Amino acid sequence: MAKIVDSSHSMDKSITLPPDEIFRNLENAKRFAIDIGGSLTKLAYYSTVQHKVAKVRSFDHTAKETEGDPLYEISMQEEVSARLHFIKFENAYIETCLDFIKDHLVNTDTKVIKATGGGAHKFKDLIEKKLKLRVDKEDEMTCLIKGCNFVLRNITHEAFVYAKHADSEFRFQNTHPDIFPYLLINIGSGVSIFKVESEDTFERVGGSSIGGGTFWGLGALLTKTKKFDELLQLASKGQHTNVDMLVKDIYGGSYGSLGLTGDLIASSFGKSATPDKEFSKEDMAKSLLHMISNDIGQLACLYARLHNLTRVYFGGFFIRGHPVTMHTITYSINFFTKGEVQALFLRHEGYLGTIGAFLKGAEEDNPNQYSWGENYAGSSGLMSTSPDLNPMQRARSGTFDMLEMDRLERQLVNLPLLQDPSSYIPDTVDLSEDALAREYWLYCFEEALDGVVKRAVASQPDLPEAAERAEKFRHKYQHKLQTLRHQPL
Amino acid sequence: MAAESERVDRSSHSMDKSITLPPNEIFRNLENAKRFAIDIGGSLTKLAYYSTVQHKVAKVRSFDHTAKDTEDDPLYEISMQEEILARLHFIKFENAYIETCLDFIKDHLVNTDTKVIKATGGGAHKFKDLIEKKLKLRVDKEDEMTCLIKGCNFVLRNIPHEAFVYVKHADSEFRFQNTHPDIFPYLLINIGSGVSIIKVESEDTFERVGGSSIGGGTFWGLGALLTKTKRFDELLQLASKGQHTSVDMLVKDIYGGSYVSLGLTGDLIASSFGKSATADKEFSKEDMAKSLLHMISNDIGQLACLYARLHNLTRVYFGGFFIRGHPVTMHTITYSINFFTKGEVQALFLRHEGYLGTIGAFLKGAEEDNPNQYSWGENYAGSSGLMSTSPDLNPMQRARSGTFDMLEMDRLERQLVNLPLLQDPSSYIPDTVDLSEDALAREYWLYCFEEALDGVVKRAVASQPDLPEAAERAEKFRHKYLHKLQTLRHQPFAYGSLTVRSLLDTREHCLNEFNFPDPYSKIKQRENDMALKYFQKAVKSLEELSWEQRQFALVRGLLAGNVFDWGAKAVSDVLESDPEFGFEQAKRQLEERPWLIDNYDQWLERLNGPPHKCALFFVDNSGIDIILGVFPFVRELLCRGTEVVLASNSSPALNDVTNNELQILTERIAAMDPVIQSAVKEDRLTLVQSGSSSPCLDLSRLDKVLAGVVRERHTDLVIIEGMGRAIHTNYYALLSCESLKMAVIKNSWLADRLGGKLFSVVFKYEVPLDKKNTTLDHVPVTPS
């Protein structure tokens, strides 16, 4: 993140997407919310989208009924639907973004922007000056929990388990119909552990000062590397056994009677007091990462046991999009709970604060009374996070990321006749876990695309630009298919 | 331990010279040593052995009175006998001395039965060959954790004031805990290189419920990387000078103040080392070390608290090299535990924590001797005591900790248990004044004991007129005891809480150490002899009184008799200058009613009620006290139909009557008095030993037989007599039955403290609350 701060002089140039593709539907935007973290800004707004819907209407059959008349009439109508926009970008772009928003904001009803996050007060004046909106601060934790509840309820496959060496890195969880109670471990500079029991009831049951800031701070002191991402990069290459004292270093093997295996870390950095030895940056970073991840994992497991909770979600900048930390946290949780508790991560974890702040501001619209659906066309989707696999795509993560959610007209619930709603999986085959099937179906959909485009154009014979729009559709869908080929998740 | 590596560097070439004590004062009683055990840690070696000590005991033996009974013959014969006592020796020294020590042991080890040495600790295998070569003993490795737990159980059970709470800014740094009669279950947090968290449920059941890799090794290792200081002690020293707030990110650094809705204060550490990534500045070694210490201590404290809550445990003991003798870490761990448990759990530390492993290894090897079937007592004469750990306060004494430290424990002849009549054994505190917390009182009593020392030495010499070297030994005793007093003046917590009792006991231990087992034996003999002659007369004059007059006369007699106490300086002065100071004179000297504490009316009213089932009487002095004070009183109880159990000391202390002596006295009195005779014959009058050899009384460490008798007889009255047993100790003790505490205050300072004057009388009759409303509703509440 520090890296991006360095590039602040050329921020405009590095915006990879044209702003109007990022800040969509700004014209009707209202109910702004902003969550400014240590390095990333997350903006939310509510907007309405005017779009065409096909309606069918029965003819009046009582009047005259001729044989040749069709059964019903088809018409195209304009409909307005509600959509939530969430955009994530680096703090470095904040001024440019505010300018763009100001220039495109038409709706004059909006007077207030809800703000949360540690950086909210730092940028308060800038926001008020640029947007002419009053900044209304919301409690960070309340926003975080509200946002978490919202995504867990509205986005299927929001939560996932991380499995480094599995065929598919991410294993998505079916959302339990009753999302409560759960434990949320937010690993920012420090660690906060929340027990969430209902929409409005949560408690900070614990915390720790050993968090992301400790990794970063101690890591910087030990390796002289001041950048968080670089520290993680170092850690992913190191050998912690050079620095840590293992059980076998003390006992020559495992300590059988206590059930301690030889490879268990007996003492983090236990070897580094040895005189006259230099340790590599990579090894120290790795040892530090293990120390911190294990400690957090252990605390999470103890709090989960104390409160009888089995669903434990992890978030915060220490986790966010970092496979290295997701892996060590997952490992630690597995170790301490012997698999009884799974470490769960969230696809939209970075948005929780801004979603929550937005919801606080939008309470009169009763957003929680509706069901919302992720709009796949307008959302960036989860990035593959393996640093080695997709360096190109990781680079993109530094720029802009979007999530769009459509308000569904009807509130959606379970079919009451499902035998076990929590284990119900609608899909028969999970293509993300079956490479052959995935290949086949992606090919299949690509093959069929020509036909779909043709049919789309044919469906609107009266509209001359239909062919052009159809081509845009082809392009976008093809891009999505290609993305999915590389990132099936 | 890094500090030790410094010493290793410095002293390894001249290690012999730096042994500050002559080796034969360290490795004592090696001649008969057997059952060796050794615990070799990263820097310190702890050696244990079992040995026997031959020492003199005074025995009394009744003459055969049937043969010839002349008037001038003494009542009984006193003889000095050699007795063999079992003693455990524990010695702690730096690994650097191990070879020198092994050589010394080999040269002095006579016992050839010993074939095996039990070994534990990480260094055991490293030194295995050396030990086997030097000592010709087979090294037999024992599991480290098992030894640790076994040792911990042993000290918790056998050493009163073993555990303490650390309070940095309090008047006394250490606050000792009364050992709970049931030591289980507890949590032991061993902070070595890493952390092990062990739940101990019984002597043989323990489980490692958790652990952490963030421990002492992490502090040392990360500290070394951050500060380039490779020594553990120096790192702690750095930490104690640093400011963690320049390195740590506090809640207020993020939110500008506290985060009220989450209950987080502004000064709370939000992120350890949270400032060190961003700030473009250098951090001082001190600040980084402090931040690191906080980070690790807090983490361990939090884990300890979570495991304690998960397992529903409130007693949490901390040990391991991270803790051992380091006030800095004891403070941060205590702080952390207080923070996380909001005071519900206290961090407890152990005086002999460093010895746990070797004690456990020793016990494993000594199982056939059944060490756990005996009670053991810390020998104050042979033990170094707890060092003051404040690095700044006593640098000289800290230096000493680097050399040799000793713990000696005597096997007590009797197994000791709680008095079953204690109202709440877990909250019972024998001592009335904790001198470690009361500087004025401490000063006074230390002075007092110093003043009395001349007299004690004189008496010790006089008690062994036939032994020419007695004077020399007595001087050695004087020297040792004076040194102990001086140590206690600077380290009042050396043997747990400092009390009048511990000062008296230390004196007894030192006297025994130099073979003065019973300096008062002759005086006691003479007094008993003299008093017996008046017994019948005294009983007769009592019988002439009306019932009510007699009750009062009995109490006055008991109190007057108790004035005869050679242990109290004021009295011994009078007695020595005026040997004619008699019983009648003592009665006249007594304070007139109302006494300082005066529940006599309630007692009399109680005597109007039904007799007690059984009275347990803790007696005090020989001579007039026991014979003319206690026996007539007991006789009256017996006549009322109350059974009486007389509890006296197992071994001598001052002029207190011992069980041995009391048996002879009882026989003689029975011969004169049919009431006593039939009571003895019918087992209505029973003699038991208290298990103690102290002028004071610890009701939580009493002979097991006594406890059994008390239970069998349904004892419903406990009488405690004398200043040592009823004032210095047990003044505030609450019993579950009626109790009577009687004493004459023969010390003007103490009298002053209690709001009275010299020879003020305490007559404290108490009835427990739950008994008051039932059978004894006519007995008014006792003022306290």
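The values are calculated or read from the model by the stated rules, or taken from the named source; none is laboratory data. Owing to the predicted nature of the structure, the values given are computational and were not obtained by experimental measurement. Every residue, glycine among them, receives a Cβ derived from its backbone with ideal geometry; neighbour counts consider all protein chains shown.
For every residue, the table says whether it meets (1) touching a Lys or Arg at 6+ places or on another chain (Cβ under 9 Å); (2) of a type outside the set (Lys, Arg).
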{"site": "A:227", "(1), (2)": "yes, no"}
{"site": "A:233", "(1), (2)": "yes, yes"}
{"site": "A:237", "(1), (2)": "yes, no"}
{"site": "A:252", "(1), (2)": "no, yes"}
{"site": "A:260", "(1), (2)": "yes, yes"}
{"site": "A:274", "(1), (2)": "yes, yes"}
{"site": "A:282", "(1), (2)": "yes, yes"}
From the list B:511, B:503, B:498, exactly one residue is surrounded by 22 or more Cβ atoms within 10 Å (Cβ to Cβ) and over 26 Å from residue B:439 (Cβ atoms). Which is it? B:511
How many residues, within the range B:178-194, are assigned to a loop (DSSP other than H, G, I, E, B) and either among the hydrophobic types (A, V, I, L, M, F, W, C) or surrounded by 22 or more Cβ atoms within 10 Å (Cβ to Cβ) (or both)? 5
I need a count of the residues in the range B:197-210 that are within 11 Å of chain A (Cβ to nearest Cβ) and surrounded by fewer than 22 Cβ atoms within 10 Å (Cβ to Cβ). 3
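The rows are residues; the columns are (1) among the charged types (D, E, K, R); (2) modelled with pLDDT of 95 or more; (3) out of contact with any Leu (no Cβ under 6 Å at 6 or more places or on another chain).
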site: A:152; (1), (2), (3): no, no, yes
site: A:158; (1), (2), (3): yes, no, no
site: A:164; (1), (2), (3): yes, no, yes
site: A:172; (1), (2), (3): no, no, yes
site: A:178; (1), (2), (3): yes, no, yes
site: A:214; (1), (2), (3): no, yes, yes
site: A:224; (1), (2), (3): yes, no, yes
site: A:256; (1), (2), (3): no, no, yes
site: A:268; (1), (2), (3): no, yes, yes
Positions within the range B:246-269 being assigned to a helix (DSSP H, G or I), within 7 Å of another protein chain (Cβ to nearest Cβ) and either in contact (Cβ under 8 Å) with a residue 12 or more places away in the chain or not aliphatic (A, V, I, L, M) (or both), in sequence order: B:254, B:261
Please work out which one of (1) within 30 Å of residue A:405 (Cα to Cα); (2) within 14 Å of another protein chain (Cβ to nearest Cβ) is the condition residue A:347 fails and give its number. (2)
Test: residue in the range B:299-312 that is away from every other protein chain (no Cβ under 11 Å) and among the aromatic types (Phe, Trp, Tyr): no
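Sort out which residues of the range B:527-585 are of a type in the set (Asp, Glu) and modelled with pLDDT under 75, and write them in order of number. Walk me through it before giving the result.
Here is the first cut: in the range B:527-585, the ones of a type in the set (Asp, Glu) are B:527, B:529, B:543-544, B:548, B:565, B:573, B:576, B:578, B:580, B:584.
Answer for the range B:527-585, where residues must be of a type in the set (Asp, Glu) and modelled with pLDDT under 75: B:565, B:573, B:576, B:578, B:580, B:584.
Any idea which residue in the range B:514-543 is farthest from residue B:671 (Cα to Cα), counting only those that are among the hydroxyl-bearing types (Ser, Thr, Tyr) and surrounded by fewer than 17 Cβ atoms within 10 Å (Cβ to Cβ)? I'd like the intermediate steps shown before the answer.
Step one: of the range B:514-543, the residues among the hydroxyl-bearing types (Ser, Thr, Tyr) are B:520-521, B:534, B:541.
Subsequent filtering for residues that are surrounded by fewer than 17 Cβ atoms within 10 Å (Cβ to Cβ) retains B:534, B:541.
Numbers: B:534: 14, B:541: 19 Å.
If we take residues in the range B:514-543 being among the hydroxyl-bearing types (Ser, Thr, Tyr) and surrounded by fewer than 17 Cβ atoms within 10 Å (Cβ to Cβ), then B:541 is farthest from residue B:671 (Cα to Cα).
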Of all residues in the range A:295-319, count the ones that are surrounded by 23 or more Cβ atoms within 10 Å (Cβ to Cβ) and of a type outside the set (Phe, Trp, Tyr). 11
Does residue A:326 satisfy the criteria of being modelled with pLDDT of 90 or more, under 30 Å from residue B:231 (Cβ atoms) and crowded, with 22+ Cβ neighbours inside 10 Å? no
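Suppose the filter is hydrophobic (A, V, I, L, M, F, W, C), more than 42 Å from the chain's Cα centre (by Cα) and within 18 Å of residue A:217 (Cβ to Cβ); does residue B:283 pass it? First the steps, then the outcome.
Numbers: hydrophobic (A, V, I, L, M, F, W, C): yes; more than 42 Å from the chain's Cα centre (by Cα): yes; within 18 Å of residue A:217 (Cβ to Cβ): yes.
Yes, satisfied.
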From the list B:136, B:115, B:128, B:141, which residue is surrounded by fewer than 19 Cβ atoms within 10 Å (Cβ to Cβ) and touching a His at 6+ places or on another chain (Cβ under 8 Å)? B:141
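Filter the range B:279-308 for residues that are in a loop (DSSP other than H, G, I, E, B) and out of contact with any Gly (no Cβ under 8 Å at 6 or more places or on another chain); which is nearest to residue B:335 (Cα to Cα)? Reasoning before the result, please.
Narrowing the range B:279-308 to residues in a loop (DSSP other than H, G, I, E, B): B:279-284.
Now narrow it down to the ones that are out of contact with any Gly (no Cβ under 8 Å at 6 or more places or on another chain): B:279-283.
Values: B:279: 28, B:280: 31, B:281: 30, B:282: 28, B:283: 25 Å.
Here the answer is B:283.
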Let me confirm something: among B:635, B:588, B:606, B:593, which residue is of a type in the set (Lys, Arg) and either within 33 Å of the chain's Cα centre (by Cα) or in a loop (DSSP other than H, G, I, E, B) (or both)? B:593
I'd like the residue in the range B:237-257 that is surrounded by 16 or more Cβ atoms within 10 Å (Cβ to Cβ) and out of contact with any helix residue (DSSP H, G or I) (no Cβ under 6 Å at 6 or more places or on another chain) and, out of all such residues, is farthest from residue A:205 (Cα to Cα). B:237
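In this structure, does residue A:151 turn out to be in contact with a helix residue (DSSP H, G or I) (Cβ under 9 Å, 6 or more places away or on another chain), more than 20 Å from residue A:186 (Cβ to Cβ) and among the β-branched types (Val, Ile, Thr)? Give the steps one after another, and end with the answer.
Values: in contact with a helix residue (DSSP H, G or I) (Cβ under 9 Å, 6 or more places away or on another chain): yes; more than 20 Å from residue A:186 (Cβ to Cβ): no; among the β-branched types (Val, Ile, Thr): yes.
Against the criterion (in contact with a helix residue (DSSP H, G or I) (Cβ under 9 Å, 6 or more places away or on another chain), more than 20 Å from residue A:186 (Cβ to Cβ) and among the β-branched types (Val, Ile, Thr)), residue A:151 does not qualify.
Tell me, which strands (runs of 3 or more DSSP E) wholly within the range B:678-763 include 3 or more residues that are surrounded by 24 or more Cβ atoms within 10 Å (Cβ to Cβ)?
Working: elements: B:685-689, B:717-721, B:738-744.
Passing ranges, in order: B:717-721, B:738-744.
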Would you check which residues across the range B:128-142 are in a loop (DSSP other than H, G, I, E, B) and in contact with a helix residue (DSSP H, G or I) (Cβ under 6 Å, 6 or more places away or on another chain) and list them? B:142
On the given criteria, is residue B:356 over 16 Å from residue B:91 (Cβ atoms) and in contact (Cβ under 8 Å) with a residue 60 or more places away in the chain? no
At pLDDT 90 or above and touching a strand residue (DSSP E or B) at 6+ places or on another chain (Cβ under 7 Å) - does that describe any residue in the range A:274-286? no
Confirm whether residue A:416 is at pLDDT 80 or above, loosely packed, with under 10 Cβ neighbours inside 10 Å and farther than 30 Å from residue A:169 by Cβ. no
Mind checking whether some residue in the range B:609-623 is among the aliphatic types (A, V, I, L, M), farther than 14 Å from residue B:718 by Cα, in contact with an Asp or Glu (Cβ under 7 Å, 6 or more places away or on another chain) and part of a loop (DSSP other than H, G, I, E, B)? no
Elements of type helices (runs of 4 or more DSSP H) in the range A:212-290, at least 1 residues being within 7 Å of another protein chain (Cβ to nearest Cβ) and of a type in the set (A, V, I, L, M): A:212-223, A:247-251
